[in-house]
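Presented below is the structure to which this report refers.
The values are calculated or read from the model by the stated rules, or taken from the named source; none is laboratory data. Computed from a predicted structure; not experimentally measured. FYI the Cβ positions are ideal-geometry reconstructions off the backbone, even for glycines, and counts take in every protein chain you see. When the accessible area is computed, the model is the full protein with side chains, heavy atoms only, and any ligands, DNA or RNA have been set aside. Shrake-Rupley method; radii C 1.70, N 1.55, O 1.52, S 1.80 Å.
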Amino acid sequence: MNVLDFRLENLPWLVPAPAHFRQLCRTLEDSPTATERDIRHLANYQLNIDQLIRLAKLIGSLRPRLVRNASFVDMRLAILSDTTVDYTIPALVATAARFGVLLEVVHGGFGQIAQAIFSPDSILHKTAPDAVLISQDPRGLGLHQSFISPKSGRERLASACAQIDSMVRVINDDLGVPAILQTVPPPPEEWCGSFDRVAQGSSRQLCESYNRSLTEIASRNGNLLFDAQHVAALVGYDAWYRPSQWTNAKLPFSLDLVPLYADHLARLLAALRGKSRKCLVLDLDNTLWGGIVGDDGVEGLRLGNGTADGEAHLLLQSYALQCKERGIILAVCSKNEMAAAVRPFREHPEMLLKEDDIAVFLANWEDKASNLAQIAKVLNIGTDALVFVDDNPAERERVRQMLPEVAVPELFPDPAYYARALGCAGYFEAIAISEEDSLRADFYRGNAERTKAVEQLGNLDSYLESLQMVCVIRPFDEIGRSRIAQLINKSNQFNLTTRRYTEKQVGDIQADTSKFALQIRLIDKFGDNGMISVVIFDVSSEVWACDTWLMSCRVLGRRVETAVLNEVVSAAKSHGALRLRGRYIPSAKNSMVQDHFGKLGFSLLKREDDGTTVWELDIATYAAPDVPMLVQRELAQTEPAV
Amino acid sequence: MDAHQIARQLTTVFHDVMDRDDIVLSDTMSADDLDEWDSLSHIRLMASVERQFGVHFTNAEIGSLKNVGDLIKLISQKTNA
């Protein structure tokens, strides 16, 4: 790749598609055993609009018979638009596969936004989408015009905002799903010039004010903002707005930019479904620093301020640190002797990253794909949560072949661009930031220390006692809501029913007196693990049925689930219930909890054909076991009406 | 670029846009002759031709095209100008 080829509109972090891409699609179409993994392989290429449409066609034809062996989540998105989205839709379906989302798109019809929203028998109301994208163009909203009278400008703006606000209410209240609101890029044509930023009625001001209003609407009910204005700014408004394609076919932006638009939108959808990546794995030699530490020694490395190359590697380190600050786990995977690999971390004065920042440090001569699998295993996350940055094209290629679900950005031969590729690829898209995020990276490192501690103590009971755990159990509340929704959407392994709820639905559950819902936090001597478990029970006079029971895998084996059960039993008992009922619904990832209820003393009631098992616990005979932790109850507000 | 070279490159563009490798272009061929050639793929076709040959077509020029022969002539004018 040449420097000139590093253009964001080409998604330069992806590998260029082979010339026979269409042939690959056709071969897969004929294969009786096509898998998610095969689709992921194809979706990982840099694809132009024609290739995206080809891949979408393939996904459409494979959908009914696809071997669901990887980790795709299904999602249905409704798009409401006042422009031509016939190209965007297939591009989005193809691109979503790159992010592990098997997407289906329903379209409200060209320019049929209001009809789709307000007419109860429209496709929008019939198809039960998981989210609704409202994609409006400034030209459809009348925000492309400037007004000499600020009052007229304000009126135009107010009507655009009122319209979108009423649509969002229908989407939230009637459909019960989040709306995704797309910001508008200002048109490049100037009215007064620089004064457009001052003049209140200018199109530029109107677009900016409109975007600000969208931000406010998006901040409630778990709605999301899709910042198309930012995407346009990445390539420039001139490239974005193609007047001839607008007049000819009402294309909202250049056809050449559909892949970039789709990539950004797909990241957001993936984040909504909890599919964003969690861990950044870094190679060392010629990636984190210039040179080879084993050969050049710490002194011989190119790293730090003063030389262009040394500063370039700092850019990557600095970006990695910023990721860590918002909860991305950092790991190292390097072909090196361990003793040599850690030396720069300990001895080089310009290193921004310290050993403490790295949750898992693997330096050995093993195959990198195996090492990456090992890192995922130690961290208890899927390999599809990993991003791997390595300057060596052969290593990248090997990992892509072995583990197509690992994101491996293509790096361009100038290290100054490493952070750019990583930072523009959208691997770590977040839809909210919570305080938990900022602490997460440290939890994982804490876990490594806990693992060491158990080795030293040797005995699980004494180990658990030694952790000095405090378990805080509390009903759902506003403060916890975004983290509760995050856990509900991200937890795959320790999750009995894998039911996903939006932030809005979590709020509804909190308010619903026929639900008994708890959020659980765990603190130990190594630190605060934050909120790590959520349970939701459906309350009735005799039987409380478990709707959701999930837990973060980083606190496995700590007997938190027993502490939680004790609480549920005690609450159910005080309301006169006789039995708890539990249900285990198998998914591709949750086999670790197939005997969860059995282990807790429930008896098996029945086993359904799809592997679902139903369990019951007799409350009268349940003897609450001791748990190795202090349980703090904050249950004052839970008074379920029975 | 002569008409023959243009036709050869254009054939590849057609194969990619229409996702069919068996398309053989002729001067008299038009959208009526090809199921895949509809108003939506036509816009992708024009965008792809513009990209491949580094030219820009006005909407009036696009509107005046009647068949592949016209398209080759137009590309030829633009690339040899």
Condition test on A:ARG420, is it touching a Leu at 6+ places or on another chain (Cβ under 9 Å) and without any contact (Cβ under 8 Å) to a residue 24 or more places away in the chain?
no
Here is a check on your reading of the model: is A:LEU303 modelled with pLDDT of 95 or more and not acidic (Asp, Glu)?
no
Got a number for residues in segment A:16-67 being in a loop (DSSP other than H, G, I, E, B) and under 26 Å from A:SER254 (Cα atoms)?
7
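Does A:ILE79 satisfy being more than 30 Å from A:GLN46 (Cα to Cα), surrounded by 17 or more Cβ atoms within 10 Å (Cβ to Cβ) and aliphatic (A, V, I, L, M)?
no
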Please count how many residues of segment A:586-622 are part of a loop (DSSP other than H, G, I, E, B) and either more than 22 Å from A:GLY576 (Cβ to Cβ) or open to solvent by 70 Å² or more (accessible area, probe 1.4 Å) (or both).
14
Suppose the filter is aliphatic (A, V, I, L, M), in a strand (DSSP E or B), at pLDDT below 95 and assigned by TED's automatic domain parsing to the domain that holds A:VAL168; does A:VAL85 pass it?
no
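Quick grid of which residues meet (1) surrounded by 23 or more Cβ atoms within 10 Å (Cβ to Cβ); (2) out of contact with any helix residue (DSSP H, G or I) (no Cβ under 8 Å at 6 or more places or on another chain); (3) closer than 15 Å to A:VAL631 by Cβ; (4) among the hydroxyl-bearing types (Ser, Thr, Tyr):
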{"site": "A:MET531", "(1), (2), (3), (4)": "no, no, no, no"}
{"site": "A:VAL534", "(1), (2), (3), (4)": "yes, no, no, no"}
{"site": "A:PHE537", "(1), (2), (3), (4)": "yes, no, no, no"}
{"site": "A:GLU542", "(1), (2), (3), (4)": "no, yes, no, no"}
{"site": "A:TRP549", "(1), (2), (3), (4)": "yes, no, no, no"}
{"site": "A:ARG554", "(1), (2), (3), (4)": "no, no, no, no"}
{"site": "A:ARG558", "(1), (2), (3), (4)": "yes, no, yes, no"}
{"site": "A:THR562", "(1), (2), (3), (4)": "no, yes, yes, yes"}
{"site": "A:LEU565", "(1), (2), (3), (4)": "yes, yes, yes, no"}
Within segment A:567-575, is even one residue within 22 Å of A:ARG521 (Cβ to Cβ), in contact (Cβ under 8 Å) with a residue 24 or more places away in the chain, among the charged types (D, E, K, R) and crowded, with 19+ Cβ neighbours inside 10 Å?
yes
The residue that is surrounded by the fewest Cβ atoms within 10 Å (Cβ to Cβ), considering only those in segment A:414-432 that are closer than 21 Å to A:LEU386 by Cβ and aliphatic (A, V, I, L, M), is A:ALA430
Can you list the strands (runs of 3 or more DSSP E) found entirely within segment A:297-413 that contain at least 2 residues being open to solvent by less than 10 Å² (accessible area, probe 1.4 Å)?
A:329-335, A:386-389
Odd one out for A:ARG40, checked against (1) within 14 Å of chain B (Cβ to nearest Cβ); (2) within 19 Å of A:GLU429 (Cβ to Cβ); (3) charged (D, E, K, R):
(1)
Tally the residues that are away from chain B (no Cβ under 14 Å) and either touching a Pro at 6+ places or on another chain (Cβ under 9 Å) or among the aromatic types (Phe, Trp, Tyr) (or both), restricting the search to segment A:239-261.
3
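Considering only segment A:182-207, state which residues are open to solvent by less than 20 Å² (accessible area, probe 1.4 Å), in contact with a Leu (Cβ under 9 Å, 6 or more places away or on another chain) and closer than 17 Å to A:PHE253 by Cα.
A:GLN182, A:THR183, A:VAL184, A:PRO186, A:CYS207
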Right, A:ILE148: in a strand (DSSP E or B) and within 25 Å of A:PRO243 (Cβ to Cβ) or not?
no
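When you check A:ARG40 against the structure, is it open to solvent by 20 Å² or more (accessible area, probe 1.4 Å) and either closer than 30 Å to A:ILE180 by Cα or not aliphatic (A, V, I, L, M) (or both), yes or no?
no
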Residue list for segment B:35-53, restricted to those being more than 13 Å from chain A (Cβ to nearest Cβ) and under 13 Å from the mean Cα position of the chain (by Cα)
B:TRP37, B:PHE53
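So for segment A:498-521 (the condition being assigned to a helix (DSSP H, G or I) and either more than 30 Å from A:LEU269 (Cα to Cα) or open to solvent by less than 10 Å² (accessible area, probe 1.4 Å) (or both)), does at least one residue qualify?
Yes, because at least one residue in segment A:498-521 is assigned to a helix (DSSP H, G or I) and either more than 30 Å from A:LEU269 (Cα to Cα) or open to solvent by less than 10 Å² (accessible area, probe 1.4 Å) (or both).
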Looking at (1) within 14 Å of chain A (Cβ to nearest Cβ); (2) among the charged types (D, E, K, R); (3) over 27 Å from A:ALA19 (Cα atoms), which is the one condition that is false for B:ASP32?
(1)
Could you list, in sequence order, all residues of segment A:46-56 that are within 14 Å of another protein chain (Cβ to nearest Cβ) and open to solvent by 20 Å² or more (accessible area, probe 1.4 Å)?
A:ASN48, A:GLN51, A:ILE53
I'm trying to understand the selection: among the residues of segment A:88-127, which are hydrophobic (A, V, I, L, M, F, W, C), in a helix (DSSP H, G or I) and within 14 Å of chain B (Cβ to nearest Cβ)?
A:ILE89, A:ALA91, A:ALA94
Restricting to segment A:457-497, give me the number of residues that are surrounded by 18 or more Cβ atoms within 10 Å (Cβ to Cβ) and modelled with pLDDT under 80.
3
